[in-house]
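Following: one structure in structure tokens, then a few remarks.
The values are calculated or read from the model by the stated rules, or taken from the named source; none is laboratory data. Computed from a predicted structure; not experimentally measured. Here the Cβ positions follow ideal geometry from the backbone for every residue, glycine too, while neighbour counts run over all protein chains shown. Surface accessibility is based on the protein's heavy atoms, side chains included, excluding ligands, DNA and RNA. Shrake-Rupley method; radii C 1.70, N 1.55, O 1.52, S 1.80 Å.
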Amino acid sequence: METVHFNGIECHTYGNLPKVGDTAPAFSLVDTGLKEVTEKDFPGKKIVLNIFPSLDTPVCATSVRKFNMEAGEKKNAAVLCISMDLPFAMQRFCTANDIKNVVPLSAFRSPKFSQEYGVQLIDGPLAGLLARAVVILDENANVIYRELVDEITKEPDYEAALKML
């Protein structure tokens, strides 16, 4: 269990974010076409997991836009933007915001993902949603970067994450 905050209110996660050097847990998430997507769908690439509560919040929307601009065009990396939002809402957001360089994925069918990555909020106002985190996997699915953002209403450290690519 890890502790994060939402507007200063202490919240806890189910489990812990994987550590640098760990082999990342396998995952299966749902894309905007309702297709299952796994880490194996990105062979030979580093995988950026941009994890957040919901696209319907300004900070989450900003993180998707920022990664779309700065990391999405890197040929050696795939940027996966992951929340509990339904795939239909993700599609509307991406279309409205011209998001084309990242892969929006929903964890709505994947309690295993949110628990094994230690990002499921188990209490506080956002209980049931995902905490804000960035996890980067190398080409062999080993964790090479991790950030669990302490205050959910703040953006992740893009500069530190992008240096890993």
In whole angstrom, the spacing between the Cα centers of the stretch 118-165 and the stretch 1-76 equals 6 Å
Place a point 7 Å from the Cα of residue 109 in the direction of its beta carbon; the residues of the stretch 49-80 whose amide N falls under 19 Å from it are 80
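Mind giving me the FRET efficiency for residue 7 and residue 98? R0 is 30 Å, r the Cβ-Cβ distance, nearest 0.05 is fine.
Numbers: r = 30 Å, r/R0 = 1.01.
Given R0 = 30 Å and the Cβ-Cβ separation, E is 0.50.
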Only helices counted: for the chain, with every DSSP H run of 4 or more residues adding -39500 (n - 2.57) and the sum spread over all residues, [θ] at 222 nm is -6000 deg cm²/dmol
Rounded to a whole %, the carbon-and-sulfur portion of the accessible area of the stretch 1-127 at a 1.4 Å probe is 54 percent
Between the residues 125, 25, 78, the Cα farthest towards the positive end of the dipole of the chain, that dipole coming from +1 and -1 charges on the beta-carbon of Lys, Arg, Asp and Glu, is from 78
Given unit charges at Cβ for Lys, Arg (+) and Asp, Glu (-), the dipole magnitude of the stretch 1-125 about its Cα centre in debye, nearest 20, is 460 debye
One would report the antiparallel percent of DSSP beta bridges in the chain, rounded to the nearest 5, as 65 percent
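What's the Kirkwood radius of the stretch 1-56 in Å, using all Cα pairs?
One over the average 1/r among Cα pairs gives 14.2 Å for the stretch 1-56.
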Across 10 Å bins beginning at 0, the whole-percent shares of Cα-Cα pair distances in the stretch 16-165 come to 12, 47, 37, 4
